[in-house]
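Here's the structure we're looking at; comments come further down.
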Amino acid sequence: MGNCCATPGSDTKSKDAKPKTRNNPFYSEAYTTTNRSGAGFKLSVLKDPTGHDITLMYDLGREVGRGEFGITYLCTDINTGEKYACKSISKKKLRTAVDIEDVRREVEIMKHMPKHPNIVSLKDAFEDDDAVHIVMELCEGGELFDRIVARGHYTERAAAAVMKTILEVVQVCHKNGVMHRDLKPENFLFANKKETSPLKAIDFGLSVFFRPGEGFNEIVGSPYYMAPEVLRRNYGPEVDIWSAGVILYILLCGVPPFWAETEQGVAQAIIRSVIDFKRDPWPRVSDTAKDLVRKMLEPDPKKRLSAAEVLEHPWIQNAKKAPNVSLGETVKARLKQFSVMNKLKKRALRVIAEHLSVEEVAGIKEAFEMMDSNKTGKINLEQLKHGLHKLGQQQMADADLQILMEAADVDGDGTLNYGEFVAVSVHLKKMANDEHLHKAFSFFDQNQSNYIEIEELRQALNDEEDTSSEEVIAAIMQDVDTDKDGRISYEEFVAMMKAGTDWRKASRQYSRERFNSLSLKLMRDGSLQLEGET
């Protein structure tokens, strides 16, 4: 599982969907074993873990990354001294059967994938009473955009080499019956700092197994990289080509092809699929490169190129002959902003994730049980409406509540099970208050001056690789400090966090609840309604 949280519910057509587990408020018996005392249950996630005690084989070192579900550590093989990355996923964070299935599937997919120079390899997977530990190849060479920005000269030829690698990864995935579903720049890291270092795909947390012709309906991924058919909730592996096409567009000009001031606007831009080749530096980009972008961002998945066809395209085939003329400082500057803002936002989101308390989850469970008066494990619209009123939730119009319920009702039975109710609760909580944003802001505002000052920003980001340089700090202040007083107010911080559709801040990993929130604005009865259209 990546940093992305699972929406309760699953692909109704996917072979991974398990209706029985979807209806269970917590963990189905498929994932639990009775302990020896018989007094309770222990959660069991992995099918075939390497072992129970990771410390017998590995020393866990410093933290190198953190997401909503787990922490990644540098780890060392005790016998060989070899360095690896270990992603430790707390079982307390796995709140539904779907969360558990996602972790299990991530490990199974990594085991299933063949050895490939551009795919991070799985070494071991341990499970103890508290966590799942996934030991994998260590990538210390930094993110894709950071490497590009660090180079003095960025060209179309360099972009072609990167795209060839990404499509080779997609081809291997598809040949092995795996749909990635979350291709984006930060899911590709360089193995080491050397100029010749291979680029590697690192995260299969949203990937699924698929069969030819199988349809999926779960909205997952990151907003700027989502294919139109994902928004329509009927898609297959062609979505990976679209996402790679978005990456290609960004590599060539520094901004995503589809963006707007609101999430709904982004979705509308994706559906319309109008590609802009007028802005700088497109007039200098070769026609063959633009032809490939068009064919990868073809809105009809049946007409979109396959991975094999992309790799056969003249621009990829002749990658070493692609123009070696610089795409210009504008592109590098855009890519740098993209990368820097992503790091700041990730740090803030990490703080928010750390403050999602057990008490909050318990509160949601308590609310569900209160509304489920007849103890069926499901609540209908009337029970939801009455229960929200009883809890003092701000009143919503009946039509809005109906749309919200329909969007969350993944299995389409007209009621909400516990998992579906969690999605509604998270959405309503986000609308109701900014409690988590206050906590994140306070993390940065160490001296409680009600401002984030440059030194505080520097200290907060000092554990981020290459992020605490003065140039980067200055770039962050330039973008976030809108009134130019040399510090970041709470209002400016909130604007940065909520304006997720600014292209510079677009690459953060959204939770699936967030996407279903987007979906509920756009979708009803399986169709997409665009603003101003009927």
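Worth pointing out:
- Of all the numbered requirements in (1) over 22 Å from the mean Cα position of the chain (by Cα); (2) surrounded by fewer than 18 Cβ atoms within 10 Å (Cβ to Cβ), Ala289 misses one, and that requirement is (2).
Yes/no matrix, rows are residues, columns are (1) surrounded by 21 or more Cβ atoms within 10 Å (Cβ to Cβ); (2) acidic (Asp, Glu):
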| site | (1), (2) |
| --- | --- |
| Ala158 | no, no |
| Lys200 | yes, no |
| Glu214 | no, yes |
| Gly221 | yes, no |
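- Of the residues making up segment 247-284, those that are in contact (Cβ under 8 Å) with a residue 60 or more places away in the chain and under 24 Å from Lys164 (Cβ atoms) are Ile247, Leu248, Ile250, Leu251, Leu252, Cys253, Gly254, Val255, Pro256.
- Those strands (runs of 3 or more DSSP E) lying entirely in segment 52-109 with at least 1 residues without any contact (Cβ under 8 Å) to a residue 40 or more places away in the chain, in contact with an Asp or Glu (Cβ under 9 Å, 6 or more places away or on another chain) and surrounded by fewer than 23 Cβ atoms within 10 Å (Cβ to Cβ): 58-66, 70-77
- Being in contact with a Gly (Cβ under 8 Å, 6 or more places away or on another chain) and farther than 19 Å from Leu74 by Cα holds for only one residue in Phe190, Phe145, Phe216, and it is Phe216.
- Tally of residues being among the charged types (D, E, K, R) and either crowded, with 23+ Cβ neighbours inside 10 Å or not assigned by TED's automatic domain parsing to the domain that holds Glu63 (or both) across segment 121-136: 1
- Residue within segment 213-222 that is at pLDDT 90 or above, over 19 Å from the mean Cα position of the chain (by Cα) and of a type in the set (Asp, Glu) present: yes
- Subset of segment 168-184 (residues that are among the hydrophobic types (A, V, I, L, M, F, W, C), outside any loop (DSSP other than H, G, I, E, B) and farther than 17 Å from Arg147 by Cβ): Val170, Val172, Cys173, Val178, Met179
- Every residue from segment 211-229 that is free of Cβ contacts under 8 Å to residues at least 60 places away in the same chain and among the small types (Gly, Ala, Ser): Gly213
- Filter pass, Tyr249 being more than 30 Å from Val103 (Cβ to Cβ), in the same structural domain as Gly177 (by TED's automatic domain parsing) and buried (at least 20 other Cβ atoms within 10 Å of the Cβ): yes
The values are calculated or read from the model by the stated rules, or taken from the named source; none is laboratory data. All values derive from a computational prediction rather than experimental measurement. As a convention, Cβ positions derive from the backbone with ideal geometry for all residues, glycine included, and neighbour counts pool all protein chains shown.
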